[in-house]
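The values are calculated or read from the model by the stated rules, or taken from the named source; none is laboratory data. Quantities reported herein were computed from a predicted structural model and do not represent experimental measurements. FYI the Cβ positions are ideal-geometry reconstructions off the backbone, even for glycines, and counts take in every protein chain you see. Just the protein is used for accessible areas: all its heavy atoms, side chains included, with ligands, DNA and RNA removed. Shrake-Rupley method; radii C 1.70, N 1.55, O 1.52, S 1.80 Å.
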Amino acid sequence: MVTAKERRSKAFFRARVGVLLAILAGVLLWAWRDVRSRRERTTWERPLSVALILVRQGPIDEAAVVAFRARVPALEIRLTAERQRYRPGSMHPFVFTVVGPVDVVESAPKASGEGPIAAAEHAWAMWRWTARVDGRAGLDSGAYDSRIYVAARPPASEEREMVEGESEEGGRVGVVEVELDDSMADFALFVATHELFHTLGATDKYDDAGRTLIPIGLAEPDRVPRMPQAYAEIMARNRPVEVGVEVPPESLDELAVGPATAAEVGWGR
């Protein structure tokens, strides 16, 4: 004979399993919708909404902030021209919104190891950091297809240093660290765009030493003569000028999307 205590225990067990199954179903539904939403970005049925969040980590000169903001329209124009090079007459691919500067002392977390556990820990730390920045900025993160955090600090010397950021390939968030003054706005936006394209599924086009991979890292691989290249491919670091010699881009006018990257993000013909 089943006692009342045993019936209560079974009822509690069923209720707990039901709650857990409901939570699991909700998580799976959210994950499915998120993955579908990410994939829909590269169908290019509409311009993608991108937030450029300027995170101020020290006394950045106001002229640097003004220069950064002022060059964003030029970035939109340049990327529209590149999109139309592959799809003539297509609409502009991105709408950028500059947010900030937001004062945050803490640096973005760095990946500390390999494997799924380290990746999960890093993802959690990055979520906490971006949530803290978003909260201070009053930013609705769900309103954007991708968010690129540009962590800016004052130049330590006359030698400007750019620390390449990181982003989840196919994800929604990228981070760039830069020593920012008014002369670095274009380069900072170039690297921010590199991270943006990572979130859309593009892969790096340079080797472990930072050298451009030939030919996939060239903006114009069919150019004759091949060198010097007129543009720097967005997923490479530099503009090759001759065999074994590369220079960093100096202006957004040098930014280009090569055929290999265009194919990865759905721009290919």
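Only residues that are open to solvent by 20 Å² or more (accessible area, probe 1.4 Å) and of a type outside the set (Gly, Ala, Ser) were counted across region 61-82, and they come to 10. All but one of (1) touching a helix residue (DSSP H, G or I) at 6+ places or on another chain (Cβ under 6 Å); (2) surrounded by 17 or more Cβ atoms within 10 Å (Cβ to Cβ); (3) of a type outside the set (S, T, N, Q); (4) over 13 Å from Ala152 (Cα atoms) hold for Leu139; state the number of the condition that does not hold. Among (1) touching a helix residue (DSSP H, G or I) at 6+ places or on another chain (Cβ under 6 Å); (2) surrounded by 17 or more Cβ atoms within 10 Å (Cβ to Cβ); (3) of a type outside the set (S, T, N, Q); (4) over 13 Å from Ala152 (Cα atoms), the lone unmet condition for Leu139 is (1).
Can we say Val99 is under 25 Å from Arg41 (Cβ atoms) and either modelled with pLDDT under 90 or not in a loop (DSSP other than H, G, I, E, B) (or both)? For Val99, the condition - under 25 Å from Arg41 (Cβ atoms) and either modelled with pLDDT under 90 or not in a loop (DSSP other than H, G, I, E, B) (or both) - is met.
Checking the condition charged (D, E, K, R) and modelled with pLDDT of 95 or more, which residue from Glu114, Glu82, Glu106, Glu62 passes?
It is Glu82.
Going by the conditions given, is Arg226 of a type outside the set (A, V, I, L, M), more than 23 Å from Glu195 (Cβ to Cβ) and modelled with pLDDT under 95? So Arg226 fits the description; yes.
Output the residues belonging to region 142-153 that are out of contact with any helix residue (DSSP H, G or I) (no Cβ under 8 Å at 6 or more places or on another chain), buried (at least 20 other Cβ atoms within 10 Å of the Cβ) and more than 24 Å from Arg46 (Cβ to Cβ).
Pass one, region 142-153, residues out of contact with any helix residue (DSSP H, G or I) (no Cβ under 8 Å at 6 or more places or on another chain): 142-144, 151, 153.
Going one step further and asking which of them are buried (at least 20 other Cβ atoms within 10 Å of the Cβ), we end up with 144, 151.
Matches in region 142-153: Ala151 only.
Picking from Ala256, Ala263, Ala202, which residue would you name as being open to solvent by 50 Å² or more (accessible area, probe 1.4 Å) and out of contact with any Leu (no Cβ under 6 Å at 6 or more places or on another chain)? Break it down stepwise before answering.
Numbers: Ala256 fails: open to solvent by 50 Å² or more (accessible area, probe 1.4 Å); Ala202 fails: open to solvent by 50 Å² or more (accessible area, probe 1.4 Å).
Being open to solvent by 50 Å² or more (accessible area, probe 1.4 Å) and out of contact with any Leu (no Cβ under 6 Å at 6 or more places or on another chain) holds for just one of Ala256, Ala263, Ala202, which is Ala263.
Val224 meets the conditions (1) part of a helix (DSSP H, G or I); (2) open to solvent by 10 Å² or more (accessible area, probe 1.4 Å); (3) among the β-branched types (Val, Ile, Thr) in every case but one. The failed one is (1). Confirm whether Arg147 is assigned to a strand (DSSP E or B), basic (Lys, Arg) and at pLDDT 90 or above. Yes: the conditions hold for Arg147. Condition first: surrounded by 13 or more Cβ atoms within 10 Å (Cβ to Cβ), under 18 Å from the mean Cα position of the chain (by Cα) and part of a helix (DSSP H, G or I). Can you find one or more residues in region 102-115 that meet it? Looking through region 102-115, none of the residues is surrounded by 13 or more Cβ atoms within 10 Å (Cβ to Cβ), under 18 Å from the mean Cα position of the chain (by Cα) and part of a helix (DSSP H, G or I).
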